[in-house]
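Visitor: I have a structure I would like to understand better, so I am pasting it below and will then ask my questions one at a time.
The values are calculated or read from the model by the stated rules, or taken from the named source; none is laboratory data. Worth saying up front: this structure is predicted, and the values here are computed from it rather than measured. Don't worry about glycine lacking a Cβ; one is built from the backbone with ideal geometry, like all the others, and counts go over all protein chains shown. Just the protein is used for accessible areas: all its heavy atoms, side chains included, with ligands, DNA and RNA removed. Shrake-Rupley method; radii C 1.70, N 1.55, O 1.52, S 1.80 Å.
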Amino acid sequence: MKLILLGPPGAGKGTQAVRIAARLGIAHISTGDMLRAEIRNDTPLGRMAKAILDKGELVSDDVIIGMVKNRIAMSDCARGFLFDGFPRTVAQAEALETITQIDHVINIEVQLNRLIDRISSRRMCPDCGGTYHVSQYPDGVCPCGGKLYQRDDDREETVKNRLTVYEQKTAPLIAFYQKQGNLFTVNGDASIDQVELEISEKLGA
Ligand code: AP5
Ligand code: MG
């Protein structure tokens, strides 16, 4: 199965992607995680991308499409994959159509005030990739032993710009996929388990 998870920053795309990909036995492809790995490894792409992520802007369509093409050619994508954070512009969605066919687009809807709260309280584990609310492990240590950190682009000013960029460049994808008839929307204000259940039921998984 080939899926797209659509939704604003903080909607819970990454959280649900891990669960749904594991449930279906498909690859989880997060373009944000891929870019952050390039930044951590200090590659030329990472050095170019860092300034863009820090401002909350989008990396160019050409770079992202090239990255995704290479990624879906890997063997773990043979059974299918779930995109988290891609496509993010109509140009990316149109390019994707020339590469592969998507079965379902899952749109996670969340109230704006919750998005800001979730992002500012989010902590990440560099070792296992876990994502948590700050209250879950107030000592800053992941159950795997990793030292939890806050993403550089989770600062207030950057978050505001990410939300604006989402409205301007990514939200139009909802109408794009609605027109194709393969999009369904889930209530992302519900609990993490409840959102997973709604997605699974709608996928028939
Ligand atoms: P990316 O990494 O994709 O970030 P994003 O879209 O801004 O979304 P987030 O990762 O912030 O949120 P999420 O929806 O994954 O929420 P999460 O599950 O963590 O992109 C980062 C940057 O990379 C972009 O700004 C851009 O510069 C660049 N980029 C990436 N892809 C690109 C592309 N295709 N083109 C161009 N540039 C690109 O949840 C958030 C928090 O809420 C967590 O703490 C979680 O525990 C909690 N939570 C989740 N669900 C619930 C729930 N139901 N109830 C309560 N809490 C919840
Ligand atoms: Mg994410």
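Visitor: Taking the Kirkwood radius as the inverse of the mean 1/r across Cα pairs, report the Rg/Rh of the chain.
Guide: Across the chain, the Cα-based Rg/Rh ratio is 0.93.
Visitor: Just to verify a number: FRET efficiency for S135 and R79, C-beta to C-beta distance, R0 = 35 Å, to 0.05?
Guide: E(calc), rounded to 0.05, equals 0.45.
Visitor: Quick one: among L45, L53, L96, which has the greatest mean-square fluctuation in a GNM of the chain with alpha-carbon springs under 10 angstrom?
Guide: Top of the fluctuation ranking is L45.
Visitor: How large is ³J(HN,Hα) for each residue in the stretch 154-164, as worked out from phi by the Karplus curve 6.51 cos²θ - 1.76 cosθ + 1.60 (θ = phi - 60°), to whole Hz, x for Gly and Pro?
Guide: Computed from phi, the couplings for the stretch 154-164 are 8, 6, 3, 4, 5, 4, 4, 5, 4, 5, 5 Hz.
Visitor: What number comes out for accessible area per residue over the chain if the probe is 1.4 Å? Units Å², please.
Guide: 50 Å²
Visitor: Now for a different question. Enumerate the amide H contacts of L6 below 5 Å, restricted to partners 5 or more residues apart or on another chain; note that Pro and chain-start residues carry no placed amide H.
Guide: I106, N107, I108
Visitor: Let me ask you something else. Expressed as a whole number of Å, what is the distance separating the alpha-carbon centroids of the stretch 115-171 and the stretch 182-196?
Guide: Answer, in whole Å: 19.
Visitor: With 29 Å as the limit, write out which pairs from K2/K160; K50/K169; K147/K169; K2/K147 have Cα-Cα distances beyond it, or answer none.
Guide: Going by Cα-Cα distance, K2/K160; K147/K169; K2/K147 fall outside the 29 Å limit.
Visitor: Assuming 0.36 nm per residue, please report the length gained on full extension of the stretch R40 to K169 beyond their Cα-Cα distance.
Guide: 43.8 nm
Visitor: When the Karplus curve 6.51 cos²θ - 1.76 cosθ + 1.60 is applied with θ = phi - 60°, which whole-Hz ³J(HN,Hα) does each residue of the stretch 124-130 get, with x for Gly and Pro?
Guide: So the J values, rounded to whole Hz, are 10, 9, x, 8, 9, x, x.
Visitor: A further question follows. Would you grab the residues whose amide H sits under 5 Å from the one on F81? Only those 5+ places off in sequence or on another chain, please, with H modelled 1.01 Å from N.
Guide: K2, L3, A27
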